[in-house]
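Below is one structure; the comments refer to it alone.
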Amino acid sequence: MRRLNVTRDAAREIVRAGTESPEVAIYETPEAPPPWRPEFDVRPCRLLSAWTQNDAGVWQGRACFIIPETGRPDPSFIFDVYCPAASGRPEGDPYSWRFWAAWRGRWESLQQPVYQRIYVGGSYISAGAYDVELGGYRIDNEGLTHAVVPGDAYSNTKTLYFNRRFFQWIPSTLDIVGKKEISLVGRYETVLTPNGEKQIFVLGTSN
């Protein structure tokens, strides 16, 4: 067995190397990122007026906030709301339409622009092209679209005429003021049958 001689200075270095340091290493974790928040305020609203265009051509209306906890409108604060993305009248009727609005220096509606065709009355039963004078897509409805007599090559797609020898206008029996209805023209004549005289209805005028 061999002996290892260690000098006093070497022993001190060995002891010092094996001694735990009183210093504590501190690891600083980075701060948690803050929760995401939008750059602007977004709130549910209710429309209080019809949409109108201002002098700049932007659609605007009046609205109030909806209380998130109750879902009820808060009429204590009424403000102007704009719909800059709409190229036509925005959707929604006053006091019933609910939508989201964002604050960007003014309250702006987030709804998408709505493209709605406007239809107006016309004649026959058809939807035509846009009518500049009437301001909408014309709907024609006069009732008759096609009249055909079976076995006859002639057909009528416009006005249906009634022969005045067999048809006439009489006051409406449906109690509609100022209206009339079509009725048959005819007369009763007495004819002799094997069982005696009998009244029959003859269609048409006498001449």
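The values are calculated or read from the model by the stated rules, or taken from the named source; none is laboratory data. None of the values given here were measured: they were computed from a predicted structure. With ideal geometry, Cβ positions are generated from the backbone for all residues, glycine too; neighbour counts draw on all protein chains shown. Accessible surface areas use protein heavy atoms only, side chains included; no ligands, DNA or RNA. Shrake-Rupley method; radii C 1.70, N 1.55, O 1.52, S 1.80 Å.
Given the conditions (1) open to solvent by less than 60 Å² (accessible area, probe 1.4 Å); (2) in contact with a Leu (Cβ under 7 Å, 6 or more places away or on another chain), which single one is not true for Trp100?
(1) is the only condition that Trp100 fails.
Quick check on this structure: which one of Gln116, Gln112 is modelled with pLDDT under 85, exposed (fewer than 11 other Cβ atoms within 10 Å of the Cβ) and not aromatic (Phe, Trp, Tyr)?
Gln116
Select from the range 154-172 the residues that are among the hydroxyl-bearing types (Ser, Thr, Tyr) and outside any strand (DSSP E or B) and list them in ascending order.
Across the range 154-172, the qualifying residues are Tyr154, Thr157, Thr159, Tyr161, Ser172.
Give me the pairs: first residue in the range 86-105 and among the hydrophobic types (A, V, I, L, M, F, W, C) and at pLDDT below 90, second residue open to solvent by 20 Å² or more (accessible area, probe 1.4 Å) and in a strand (DSSP E or B), beta-carbon distance under 6 Å, and six or more apart or on different chains, which are they?
Ala86/Trp59
Among the listed residues Pro68, Pro75, which satisfies the condition of being assigned to a loop (DSSP other than H, G, I, E, B) and open to solvent by 80 Å² or more (accessible area, probe 1.4 Å)? If you could, list the steps in order and put the result at the bottom.
On the way: Pro75 fails: assigned to a loop (DSSP other than H, G, I, E, B).
Checking each option against the conditions leaves just Pro68.
Among the residues that make up the range 54-61, is at least one of them open to solvent by less than 50 Å² (accessible area, probe 1.4 Å), farther than 20 Å from Ile118 by Cα and free of Cβ contacts under 8 Å to residues at least 12 places away in the same chain?
Yes: one or more hits.
Rundown of residues vs (1) in contact (Cβ under 8 Å) with a residue 24 or more places away in the chain; (2) under 30 Å from Tyr119 (Cα atoms); (3) open to solvent by 60 Å² or more (accessible area, probe 1.4 Å), yes/no style:
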| residue | (1), (2), (3) |
| --- | --- |
| Glu133 | no, yes, yes |
| Leu160 | no, yes, yes |
| Leu174 | no, no, yes |
| Gly196 | no, no, no |
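Have a look at Asp55, Asp74 and point out the one that is within 30 Å of Ser87 (Cβ to Cβ), modelled with pLDDT under 95 and not aromatic (Phe, Trp, Tyr).
Just a single option satisfies the conditions, and that option is Asp55.
Report, by residue number, each residue of the range 176-194 that is more than 45 Å from the chain's Cα centre (by Cα), within 30 Å of Gly143 (Cβ to Cβ) and open to solvent by 90 Å² or more (accessible area, probe 1.4 Å).
Once the filter is applied, which keeps residues that are more than 45 Å from the chain's Cα centre (by Cα), within 30 Å of Gly143 (Cβ to Cβ) and open to solvent by 90 Å² or more (accessible area, probe 1.4 Å), the range 176-194 yields only Leu184.
In the range 173-187, how many residues are part of a loop (DSSP other than H, G, I, E, B) and farther than 23 Å from Ala147 by Cβ? Full working, then the answer.
To start, the set of residues in the range 173-187 that are part of a loop (DSSP other than H, G, I, E, B) comprises 173-179, 185.
Adding the requirement that they be farther than 23 Å from Ala147 by Cβ leaves 173-178.
Here the count works out to 6.
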